[in-house]
Amino acid sequence: MKKLYLFNPENDMALASGSPYYMAPASAKKMAADLATLPAWYADAGSAVWVSDERQVSWLREECRLPLAIDGVLDIPEICDEIIPWGWNPALLHRLGNCFTGKIKMECVRSLSSRKSAVDLLPKLRVKGTVGESYWLTSVADVCQFVMQYDKILLKAPWSGSGKGIQPLSRQPDDNLKGWMKRIISSQGGVVGEPFYQKVKDFAMEFYVSDRSVSFAGYSLFEADARGIYKENRLASDDVIEKELAGYVSLSLLHELQKKLLQELPRLLQDNYQGYLGVDMMVVRTSEGYAVHPCVEINLRMNMGVVSRLFFDRYVCGEMEGRYVIEYYANKGKACLFHEEMKARYPLVVENGRIRSGYLSLTPVSEDTNYQIYILL
């Protein structure tokens with residue numbers, strides 16, 4: 001019996017809509033098509049991946065020289081007994097016709113996926129060496145009162161795509177921003193207000209949830225642009241990432257936060273979610289030195305941090321370090337040019353089934369490619 005993996009990057013936007021009839025924008029559909037084979041790198045052996053073109057898996061096998069024990073399919077196979085998407089949302093349930101989805105508690109998953117969950121969890125993670133405040137605001141008046149307490153704040157919509165639905169504010173909101181707040185509060189129940197912090201490092205602790213049991217899956221050290229949109233992950237062992245973070249804060253603090261999350265996540269989830277999740281954190285600069293913001297967001301789905309962690313652990317020589325990058329190409333043919341240049345400059349070196357050095361595209365590249373994920377060691 002097979003598991004079927006599905007990459008649906010529009011998940012966060014679909015959750016924001018909440019409608020079973022949500023239609024993803026063209027850019028999200030193109031990303032889903034270009035990166036459809038991504039689950040091949042974290043799927044269980046013998047599984048299938050739902051692809052947009054069967055030739056995609058053949059391309060991967062020809063290019064990568066690594067054992068990919070998966071099949072590519074264009075539809076749900078008859079022998080499939082479990083579907084594992086990037087994330088669950090009402091539109092995906094409707095698209096699948098509720099097959100194999102009886103265990104999905106969709107209303108609970110959507111509620112837990114709200115940024116309000118991070119607001120609720122944050123106070124329970126406050127220990128010595130941490131900072132962080134986050135508030136649930138349900139009226140424009142509440143926001144106007146909140147902004148007067150700080151030099152700069154961030155307003156966040158409860159549900160939105162990566163880097164979307166976030167508004168910086170350093171003075172009283174103008175009419176346009178008040179209109180945005182009214183729309184979000186009316187449709188999503190409120191907005192999240194946070195003071196602005198001087199970020200030094202983005203990182204995450206990744207977890208796996210199974211039958212109310214939560215286990216630590218590893219660290220994710222990543223970069224995002226000024227708008228909060230994900231750019232890339234560091235490919236390195238957990239030990240290396242811990243040592244880098246320990247240049248700012250103590251290892252004992254990181255271990256204490258991990259222990260607290262292992263205690264608090266089962267209470268938060270209440271048997272309503274299974275699969276991977278990530279808790280985004282920051283190392284921030286304060287007047288007293290460095291501290292950890294222990295719960296910036298909770299990603300209740302598969303995420304790039306987990307993929308990079310699993311890819312490193314499965315396919316990279318343990319002492320090596322590198323980059324896991326998602327790239328966008330606006331012009332036709334640009335991805336192919338980049339791909340051929342990188343293969344020539346950084347030839348892939350594989351030893352005993354693990355990558356020693358070089359460049360590898362984790363997703364197929366063609367003349368029409370707009371989105372690509374690659375690694376470079």
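The values are calculated or read from the model by the stated rules, or taken from the named source; none is laboratory data. Everything quoted here is computed from the prediction, not taken from an experiment. With ideal geometry, Cβ positions are generated from the backbone for all residues, glycine too; neighbour counts draw on all protein chains shown. For the accessible areas, the whole protein counts, side chains as well, though only heavy atoms, and no ligand, DNA or RNA atoms are used. Shrake-Rupley method; radii C 1.70, N 1.55, O 1.52, S 1.80 Å.
Quick look at the numbers
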read-out: Neighbourhood net charge (14 Å Cβ-Cβ; Lys/Arg +1, Asp/Glu -1) for Glu54; value: -2
read-out: Label selected from [x] 21.1; [y] 23.7; [z] 21.8, the criterion being Kirkwood radius over Cα pairs in Å as computed here; value: [z]
read-out: Percent RCO, i.e. relative contact order, over the chain, from Cα pairs under 8 Å lying at least 6 residues apart; value: 18 percent
read-out: J(HN,Hα) series, the range 241-257, from Karplus relation 6.51 cos²θ - 1.76 cosθ + 1.60, nearest Hz, glycine and proline x; value: 5, 4, 5, 5, 5, 5, x, 10, 9, 6, 4, 4, 5, 4, 5, 5, 5
read-out: Theoretical gain in end-to-end length, Asp174 to Val140 [0.36 nm per residue, Cα-Cα removed]; value: 11.1 nm
read-out: Residue-wise HN-Hα coupling along the range 36-53, computed from phi with Karplus coefficients 6.51, -1.76, 1.60 (Hz; x: Gly, Pro); value: 4, 7, 3, x, 4, 8, 10, 5, 5, 4, x, 8, 10, 10, 7, 10, 8, 8
read-out: Surface accessible to a 1.4 Å probe, per residue, for the residues of the range 197-317, Å²; value: 41 Å²
read-out: Bins of 10 Å from zero: percent of alpha-carbon pairs in the range 241-299; value: 19, 49, 24, 8, 0
read-out: Helix 55-64 axis, angle to the chain major axis (alpha carbon atoms, nearest 10°); value: 80 degrees
read-out: Contact order relative to length of the range 262-303, as percent, for alpha carbon pairs under 8 angstrom and 6 or more apart; value: 40 percent
read-out: MRE, 222 nm, helices only [DSSP H, n ≥ 4, -39500 (n - 2.57), over the chain, to nearest 500]; value: -9500 deg cm²/dmol
read-out: Cα-based shape type of the range 303-354, given that a ≥ b ≥ c are square roots of the gyration tensor eigenvalues and the cut on a/c is 1.5; value: oblate
read-out: Amide hydrogen neighbours beyond the local backbone of Tyr150, cut-off 5 Å, H modeled; value: none
read-out: Exceeding the 22 Å Cα-Cα cut-off - candidates Lys30/Lys334; Lys103/Lys260; Lys29/Lys116; Lys30/Lys332; Lys128/Lys156; value: Lys103/Lys260; Lys29/Lys116; Lys128/Lys156
read-out: 5 angstrom amide H check on Val316, placed H, neighbours 5+ away; value: Ile355
read-out: Protection proxy ranking, peptides 307-319, 6-18, average beta carbon neighbours within 10 Å, highest first; value: 6-18, 307-319
read-out: The range 235-377: relative contact order in percent, alpha carbon pairs under 8 Å with at least 6 residues between; value: 21 percent
read-out: Amide H partners (placed H, <5 Å) of Glu232, local residues excluded; value: Glu223
read-out: Cα-based helix-to-principal-axis angle, 304-315 vs the chain, degrees rounded to 10; value: 40 degrees
read-out: Dipole-positive endmost among Asn303, Leu268, Leu177 within the chain (Cβ charges, Cα centre); value: Leu177
read-out: Residues of type aspartates and glutamates that Lys231 reaches as a straight line, Cα spacing below 15 Å, ignoring anything fewer than 8 places off in the same chain; value: Asp202, Glu223, Asp280, Glu327
